[in-house]
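Below is one structure, written out as structure tokens, with a few remarks after it.
What follows is calculated from the coordinates using simple rules that are stated; it is not laboratory data. The shown structure was predicted, so the numbers you read here are calculated from the model rather than taken from an experiment. Glycine also receives a Cβ, built like all others from the backbone with ideal geometry; neighbour counts cover every protein chain displayed.
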Amino acid sequence: MKHNRQVPLSFRELPTDEMNERALEFRELMTRRRTVRDFSDRPVPRALIEQCVMTAATAPSGANQQPWTFVCIADPATKHEIRLAAEEEERTFYAGRASTEWLEALAPIGTDANKPFLETAPWLIAIFAQRYGVGPGGKRTKHYYVPESVGIATGLLIASLHNAGLATLTHTPSPMGFLNAICGRPESEKALILLVAGYPAEDAQVPDIARKRADEVIVWRE
Ligand SMILES: Cc1cc2nc3c(=O)[nH]c(=O)nc-3n(C[C@H](O)[C@H](O)[C@H](O)COP(=O)(O)O)c2cc1C
């Protein structure tokens, strides 16, 4: 059993007015986030991406196992390889693997099998979930609540990239097994999301879709 050492919590209490102001400001900031599918090729410094990824890595995780790996790709040859592999999967998806119901759900978004942004955008962040840990000598350790933990980290990453002034696309070419080979990740890891990050193209447009109202998403029990 590992011992349990405790340290004082660093917590800064805020005046109520400031709490309300910050909550409102953050909501307004996040309301402006949209998934972008037309990217500019303007470069984005690696240091900025690193700050955002390390914010994602502050996420809570089951038993603090931090079961995530972020492969940050700017190399044009790797992006080209990912585009080719993703488009191949997406062609079979749109041409039959997807159910009619799924395609109908996607219709308002207007997506198809062409993914030029995988090469145009300056950064692709392939987010891998470590399904189990591999210790010295190849000994496996069980990981707990992996999809939940990586999902929360991904949410923080999207929020922090948006906060830094970048646009993102949460992309999930299905299936994503090809990312292990291209990114050199072991069998213990499963690609969950390919996050595209950069500046939007000047003429970028987004689907005219709405978010649910508070009474549709919150159930109060007071
Ligand atoms: C898990 C997940 C997978 C997604 N996969 C794709 C995708 O493969 N391609 C795509 O164009 N958008 C994808 N999206 C983006 C959604 O279509 C988008 O978030 C949704 O339409 C709401 O739009 P908004 O993000 O602009 O609010 C995905 C989003 C999530 C959360």
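Sum -39500 (n - 2.57) across every DSSP H segment of at least 4 residues in the chain, then divide by the residue count to get the 222 nm mean residue ellipticity, nearest 500. Provide the component values of the computation, followed by the final result.
Numbers: 8 runs with 83 residues, N = 222.
Roughly -11000 deg cm²/dmol at 222 nm, from the helical runs in the chain.
Of 191, 135, 95, which is farthest on the positive side of the dipole of the chain, counting Cα position, with +1 on Lys and Arg Cβ, -1 on Asp and Glu Cβ, and the Cα centre as origin?
It is 135.
How much net charge surrounds residue 90 when only the other residues with a Cβ under 14 Å from the Cβ of residue 90 are counted, with Lys and Arg +1 and Asp and Glu -1? The partial results should precede the final answer.
Numbers: positive: 37, 83, 91, 97, 115; negative: 87, 88, 89, 112.
Summing Lys/Arg as +1 and Asp/Glu as -1 gives +1.
Using Cβ contacts closer than 10 Å as the measure, can you line up 52, 183 from fewest to most? Could you put the intermediate results ahead of the total?
Numbers: 52 27, 183 20.
Fewest-to-most Cβ neighbours within 10 Å comes out as 183, 52.
Within the chain, what is the longest stretch that has no chymotrypsin sites (Phe, Trp or Tyr not before Pro) placed in a DSSP loop and near at most 15 other beta-carbon atoms within 10 Å?
Numbers: sites that count: 11, 144, 145, 220.
In the chain, the maximal stretch lacking such sites is 12-143.
If each Cα of the chain is one equal point scatterer, what is log10 of I(q)/I(0) from the Debye formula at q = 0.09, 0.10, 0.11, 0.17 Å⁻¹?
Scattering profile of the chain, log10 relative to I(0): -0.45, -0.56, -0.67, -1.39.
Say a paramagnetic label sat at a point 7 Å from the Cα of residue 42, along Cα to Cβ; which residues of region 117-139 have their backbone N under 14 Å from it?
121-123
List the residues, sorted by chain then number, that are 5 or more residues from residue 39 or on another chain and whose placed amide H is less than 5 Å from its amide H.
Sorted by chain and number, the residues that satisfy this are 201.
At q = 0.16, 0.18, 0.24, 0.26 Å⁻¹, work out log10 I(q)/I(0) for region 57-139 with the Debye formula, treating every Cα as an identical point scatterer and leaving solvent out; two decimals please.
Taken in order of the listed q values, log10 I(q)/I(0) reads -0.87, -0.95, -1.06, -1.13.
Along the Cα-to-C-beta direction of residue 142, a point sits 7 Å from the Cα; which residues of region 163-202 have their amide N less than 14 Å from that point?
none
Per residue of region 209-222, what does 6.51 cos²θ - 1.76 cosθ + 1.60 with θ = phi - 60° give for ³J(HN,Hα)? Whole Hz please, x for Gly and Pro, Karplus curve as stated.
Values per residue, Gly and Pro as x: 10, 10, 9, 5, 7, 4, 6, 8, 10, 10, 10, 8, 9, 10 Hz.
When the Karplus curve 6.51 cos²θ - 1.76 cosθ + 1.60 is applied with θ = phi - 60°, which whole-Hz ³J(HN,Hα) does each residue of region 122-130 get, with x for Gly and Pro?
x, 9, 10, 10, 8, 9, 10, 9, 7
For region 165-175, just list the computed ³J(HN,Hα) in residue order, Karplus coefficients 6.51, -1.76 and 1.60, θ = phi - 60°, integers in Hz, with x standing in for Gly and Pro.
x, 10, 9, 9, 10, 8, 10, 9, x, 10, x
Run down the lysines and flag those whose C-alpha is under 30 Å from the C-alpha of residue 115, throwing out any fewer than 8 positions away in its chain.
79, 190, 212
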